[in-house]
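The values are calculated or read from the model by the stated rules, or taken from the named source; none is laboratory data. Quick caveat: nothing in here was measured; it's all calculated off a predicted structure. Here the Cβ positions follow ideal geometry from the backbone for every residue, glycine too, while neighbour counts run over all protein chains shown.
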């Protein structure tokens, strides 16, 4: 007889939520974490959590509902996701956020203008503000969940990577690790995505290859795709091929924004024809597609005034780094726009016309073509943009290159139960977070979508696994 009713693979946001939730429902739980510390990608994130009809929204007089959230979620994803699963997610995200608040995570009831300030913000493409930012970021969520793990006596083994699942007569009966088998009534796979597995990225997210040497990965190091291996053992179905969050960024950024810094506010994105083609501040949920439509590699153009305005203290987006890269040739630079256009291999007249139009409009608060001032206003930024007029001028290679998360995961149902290719439930197997496919779709809905998925579906997986274990015990 096993010492544990439920074994959770992974100690990120999804795994910790599953473990605490299972323990709340009476299960004896063990967490196995492949890395030397807990937290996964959740700990590295801002912790933003997208949810509808929450106490935070109500305190700010914002009316919202799971039905509105569902409609928006499905429409943005072109209804390419299973409506039943998404309906469950949208109805359960709000209660999952309230659960975190009850556990002790602080989501301030105030409006926020950026992902590093606690409060509620418009972070995606939603008309209603749903991005809940905890005061202590992703670290705060992980810390609170870990406190409750300790309080509930949930066992945790770090630096223990699960080799495989134990599968008997079509149901999962435990895990294999270090040459041994550990039996259990239910296994929750919450091992993250596969961002750090080059082979799996080629198979399931080949778009990441197009970024070439500019690709950098912000997902946790443990995101090696172990769930794909488990799927083979259990004959589980996979979904979400070719989907993930690959954010638009310039070549020099190699870390999270709060470490790398941010590009200049007064910047213009130029395509191969020399034209401005997009609002430079639109949500990252949709910007990669627009950049791909324009050749997948575009130019971020700005001037000397913008360079000098970059704040110090960051790793990459600093005035000195831009100067150094311009000197080395890593970033294009020229004393005139005509020379810069030549280096960019775009028509000089088109580039100059684009910047002339910018200078006539955006510094005066208007952008009839792309409405950038409206997007900035929604972020609480009403400060006028500067003209792009002070030499020298710069152009940084830019494209979808910042890999945040991958969306190919085990097919799960409304109870986070894993299913096989014929749609049958695989007894004893559950999945959540990036390892559980079908919630994160072809379009990343908004700020906090992945954290909400991890916590919400992790909590559901824990409840379901505990119920499964209790039923088997009787």
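Scanning the range 266-289 for residues that are touching a strand residue (DSSP E or B) at 6+ places or on another chain (Cβ under 9 Å) and at pLDDT below 95, we see that the one that is surrounded by the fewest Cβ atoms within 10 Å (Cβ to Cβ) is 289. Just so you know, in the range 49-82 the residues that are touching a residue at least 40 places away in the same chain (Cβ under 8 Å) and on the phi > 0 side of the Ramachandran plot include one that is surrounded by the most Cβ atoms within 10 Å (Cβ to Cβ), and it is 53. Evaluate the following for residue 461: is it under 22 Å from residue 28 (Cα atoms), in a helix (DSSP H, G or I) and modelled with pLDDT under 95? So residue 461 fails the test.
Just to check your reading of the model, which residue among 22, 96, 27 is touching a residue at least 12 places away in the same chain (Cβ under 8 Å), assigned to a loop (DSSP other than H, G, I, E, B) and surrounded by 17 or more Cβ atoms within 10 Å (Cβ to Cβ)?
Numbers: 22 fails: assigned to a loop (DSSP other than H, G, I, E, B); 96 fails: assigned to a loop (DSSP other than H, G, I, E, B).
After ruling out the rest, the residue left standing is 27.
Could you list, in sequence order, the residues of the range 422-463 that are out of contact with any strand residue (DSSP E or B) (no Cβ under 8 Å at 6 or more places or on another chain), surrounded by fewer than 24 Cβ atoms within 10 Å (Cβ to Cβ) and farther than 27 Å from residue 248 by Cβ? Listed by number, the residues that qualify are 422, 423, 424, 463.
There is at least one residue in the range 225-240 that is assigned by TED's automatic domain parsing to the domain that holds residue 446, in a loop (DSSP other than H, G, I, E, B) and out of contact with any helix residue (DSSP H, G or I) (no Cβ under 9 Å at 6 or more places or on another chain).
Here's the yes/no breakdown for (1) closer than 18 Å to residue 445 by Cα; (2) outside any strand (DSSP E or B):
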residue	(1), (2)
115	yes, yes
126	yes, yes
132	yes, no
135	no, yes
138	no, yes
145	no, yes
148	no, yes
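Across the range 95-119, the number of residues qualifying as at pLDDT below 95 and closer than 25 Å to residue 70 by Cβ comes to 3. Whenever a residue of the range 214-237 is closer than 21 Å to residue 171 by Cα, its partners that are modelled with pLDDT under 95 and outside any helix (DSSP H, G or I), lying with C-beta atoms within less than 7 angstrom and at least six residues away or across chains, give the pairs 237/421. Looking at 85, 103, 111, just one residue is in contact (Cβ under 8 Å) with a residue 24 or more places away in the chain and farther than 21 Å from residue 17 by Cβ, and that residue is 111.
The condition of being touching a helix residue (DSSP H, G or I) at 6+ places or on another chain (Cβ under 6 Å) and outside the structural domain of residue 256 (by TED's automatic domain parsing) does not hold for residue 84.
Residue-level check: of (1) within 21 Å of residue 19 (Cα to Cα); (2) modelled with pLDDT under 95; (3) surrounded by fewer than 18 Cβ atoms within 10 Å (Cβ to Cβ), residue 469 misses just (3). Taking the range 165-214 as the range and being buried (at least 23 other Cβ atoms within 10 Å of the Cβ), touching a helix residue (DSSP H, G or I) at 6+ places or on another chain (Cβ under 6 Å) and more than 18 Å from residue 226 (Cα to Cα) as the test, only 185 passes.
Looking at 127, 123, which is the one that is over 24 Å from residue 15 (Cβ atoms), at pLDDT below 95 and surrounded by 21 or more Cβ atoms within 10 Å (Cβ to Cβ)? Please lay out each step first, then the result.
Working: 127 fails: surrounded by 21 or more Cβ atoms within 10 Å (Cβ to Cβ).
Only one candidate qualifies: 123.
Within the range 258-344, which strands (runs of 3 or more DSSP E) (wholly inside it) include 1 or more residues that are under 27 Å from residue 125 (Cα atoms)? Give the derivation first.
Numbers: elements: 268-270, 298-303, 332-334.
Here the list reads 268-270, 298-303.
Within the range 363-385, residues that are surrounded by 15 or more Cβ atoms within 10 Å (Cβ to Cβ) sit with their Cβ atoms under 6 Å from residues that are not in a loop (DSSP other than H, G, I, E, B), at 6+ positions apart or across chains, in these pairs: 367/361; 367/373; 385/362; 385/363. Does at least one position in the range 150-166 carry a residue that is touching a residue at least 60 places away in the same chain (Cβ under 8 Å), under 19 Å from the mean Cα position of the chain (by Cα) and part of a loop (DSSP other than H, G, I, E, B)? Looking through the range 150-166, none of the residues is touching a residue at least 60 places away in the same chain (Cβ under 8 Å), under 19 Å from the mean Cα position of the chain (by Cα) and part of a loop (DSSP other than H, G, I, E, B).
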